[in-house]
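Derivation of every value follows stated rules applied to the coordinates shown; laboratory data play no part. Note that the structure is predicted; figures quoted are calculated from it, not measured. Don't worry about glycine lacking a Cβ; one is built from the backbone with ideal geometry, like all the others, and counts go over all protein chains shown.
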């Protein structure tokens with residue numbers, strides 16, 4: 001009897017339900033956990049994503065199952081995933097990002113907005129290539145938005161246009177964001193001359209507190225009137241920024257940029273990872289999406305750099321075109337890459353503050369691009 | 001969607017992004033100038049009639 005019970009226990013265990021797909025996904029999640037811990041590649045997001053992937057591929061857990069049966073109770077991750085599905089988490093993350101972001105460099109040099117717009121070029125290129133590869137316009141839009149280098153925006157748009165592609169798109173977006181220090185520098189060196197990279201930029205003017213307070217209000221009104229579909233993203237981004245700049249809501253600003261964003265990041269990462277179930281994830285489309293994501297990232301960098309070069313030429317060499325590549329959102333990593341490349345060419349060059357302008361402009365640019373795609377195909 | 005349609009959609013999308021951000025540039029510039037002028041006037045007024 002004891003042996004029979006053991007055999008039954010074994011037969012009911014997850015080991016008997018393991019498939020080759022779940023084993024492969026467990027290996028992939030192991031690699032991602034290694035990259036997050038050992039290589040520190042976006043660990044705050046990669047770690048929960050990888051662990052969510054691991055949990056979702058352990059059989060018979062029902063963590064993502066919908067409420068069913070007499071109890072009507074669903075899996076834990078099913079309920080947490082509702083925040084992704086309904087677009088709540090990306091907007092809350094934008095609230096935190098807004099509270100963390102200083103738009104001062106953008107206000108001091110508003111022409112940075114052009115570089116933020118140019119760095120959305122990859123979205124357009126990836127969209128066209130995706131259509132050529134047989135994806136539907138909604139799927140192509142979600143794949144293209146990877147080029148915006150903005151995780152929450154990519155997740156927000158994908159849940160609305162192509163929810164079945166959420167896992168590969170989110171994983172591609174965050175992986176490439178982590179790989180920005182490897183992807184961007186060769187393109188930056190290829191498209192700029194040594195002389196351009198050595199350009200030292202003039203000190204920026206100081207920005208008053210009143211300007212910083214007015215900015216989130218003006219941006220919200222203008223962008224939301226033009227593109228109502230961006231209201232959840234731009235609205236939350238600017239509310240977070242208003243908390244920060246108003247100087248009278250320090251507790252709210254502190255909560256948004258620390259506790260709230262950390263809690264939401266855990267839920268978002270875990271549940272996005274949990275959508276990567278082996279049978280769904282291990283398809284040829286995933287490889288195509290990962291390749292298209294890289295194309296989108298590269299062309300966005302090219303777009304930002306080209307606008308940077310045009311502005312360098314138009315201002316007779318007053319703008320270092322290296323700051324253009326920071327237009328691909330990914331705050332502040334892309335700006336840091338501009339700083340590092342600038343210092344390699346000229347050790348006395350400090351581009352970080354100048355690159356923060358296009359960097360935060362890129363956040364607005366990618367949200368605007370998402371709003372347009374949502375209006376067209378939503 | 002044909003290739004031509006996809007290219008025209010992509011061009012439309014990037015053009016609208018540029019349009020919105022250029023509009024934003026103009027508005028930011030305008031309100032910056034306005035605010036700086038107001039602050040300058042305020043400072044001048046305070047210098048003329050300092051609070052006792």
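Tabulated data
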quantity	calculated
Residue match in segment A:158-176 (condition: free of Cβ contacts under 8 Å to residues at least 40 places away in the same chain and part of a loop (DSSP other than H, G, I, E, B))	yes
Criterion: more than 30 Å from residue A:206 (Cα to Cα) and surrounded by fewer than 24 Cβ atoms within 10 Å (Cβ to Cβ) - qualifying residue of A:83, A:147, A:52, A:122	A:83
Set A:147, A:98: member being within 12 Å of residue A:363 (Cα to Cα), within 14 Å of another protein chain (Cβ to nearest Cβ), assigned to a helix (DSSP H, G or I) and touching a residue at least 24 places away in the same chain (Cβ under 8 Å)	A:147
Residue within segment A:5-20 that is outside any helix (DSSP H, G or I) and touching a helix residue (DSSP H, G or I) at 6+ places or on another chain (Cβ under 8 Å) present	yes
Set A:110, A:90: member being outside any helix (DSSP H, G or I) and either within 12 Å of chain B (Cβ to nearest Cβ) or buried (at least 24 other Cβ atoms within 10 Å of the Cβ) (or both)	A:110
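One line per residue, one yes/no per condition, for (1) within 8 Å of chain A (Cβ to nearest Cβ); (2) surrounded by 10 or more Cβ atoms within 10 Å (Cβ to Cβ); (3) in a helix (DSSP H, G or I):
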position	(1), (2), (3)
B:7	yes, yes, yes
B:11	yes, yes, yes
B:14	yes, yes, yes
B:18	yes, yes, yes
B:23	yes, yes, yes
B:42	no, yes, yes
B:47	no, no, yes
